[in-house]
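Read-outs throughout are calculated quantities, based only on the coordinates presented, and are distinct from any laboratory measurement. Just so it is clear, the model here is predicted, and its values are computed rather than measured. Quick reminder, even Gly has a Cβ in these numbers, built from the backbone with ideal geometry, and neighbours come from all protein chains shown.
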Amino acid sequence: MWRSKLELNHHSIFISAPIDAVGAQIVLWGEASWWPKRCSMKFIPEDGGEIKVGKKFKQKVLFPSAPSWTVCVTRLILNREIERTFLDGIFSGKETVTTKNVAQGTQVDYVMDFKINGSFNQVLWRIIFRRLHDRNIKLILRSLKDFMEKKSLK
């Protein structure tokens with residue numbers, strides 16, 4: 001089944017910490033010290049240096065025979081937003097992590113605007129990978145929240 005429309009996968013969390021502090025951490029997505037140890041998603045930078053538009057990462061699911069793909073940072077608003085575009089693999093589209101000032105803290109939104117490439121991958125996404133993805137994103141956002149709220153208490 002070929003889908004021409006992109007799907008949305010959205011997760012959100014409230015963090016009791018200032019937007020600039022939280023925003024500085026979302027840019028480090030995949031490489032930060034707060035990245036959860038139990039996360040089955042790994043980001044491997046293809047080159048060293050700072051995170052900027054054009055920087056590429058290999059994303060790997062840490063299971064035998066699991067998919068991997070390359071992403072490129074295509075938008076970066078310092079301390080506010082990072083967008084990565086899928087260059088190959090199971091997905092077409094992009095994922096964006098943004099921060100928004102709200103009363104008493106910061107809202108972080110993760111949005112994946114995507115299409116699954118290939119019929120076999122669509123089946124795997126529906127029966128296995130979607131749940132795994134959602135679990136990982138919730139774990140990642142929770143880890144960021146715990147890290148930021150502990151840090152702001154100091």
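Name the chymotrypsin sites (Phe, Trp or Tyr not before Pro) in segment 1-47 that are in a loop by DSSP and that have at most 14 other C-beta atoms within 10 Å, would you? Numbers along the way, then the final one.
Numbers: sites: W2, F14, W29, W34, F43; in loops: W2, W29, W34.
Passing sites in segment 1-47 are W2.
Stokes-Einstein at 20 °C, 1.002 mPa s, Kirkwood radius from Cα pairs: D for segment 107-154 in µm² s⁻¹? Walk me through the numbers on the way to the answer.
Numbers: Rh = 12.8 Å.
Taking Rh from Cα pairs, D becomes 168 µm²/s.
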Cα centroid separation, segment 23-42 to segment 43-116 (Å)
11 Å
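Could you list the trypsin sites (Lys or Arg not before Pro) in segment 1-92 that lie in coil according to DSSP, counting only those with at most 10 other Cβ atoms within 10 Å of their Cβ?
The qualifying sites are R3, K5, K37, R38, K52.
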Long-range tail of P(r) for segment 1-79 (Cα pairs > 14 Å, %)
73 percent
Just to verify a number: FRET efficiency for N79 and L124, C-beta to C-beta distance, R0 = 41 Å, to 0.05?
0.70
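Which three semi-axes in whole Å describe the equivalent ellipsoid of segment 60-118, each the square root of 5 times a Cα gyration tensor eigenvalue, listed largest first?
Values: eigenvalues 144, 32, 21 Å².
In descending order the semi-axes read 27, 13, 10 Å.
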Going residue by residue through segment 121-131, the Karplus relation 6.51 cos²θ - 1.76 cosθ + 1.60 with θ = phi - 60° gives ³J(HN,Hα) values, rounded to whole Hz and with x marking Gly or Pro, of 5, 4, 5, 4, 4, 5, 9, 10, 6, 4, 4
Extent of the chain along each principal axis, from alpha carbon coordinates, in Å, largest to smallest?
50, 31, 30
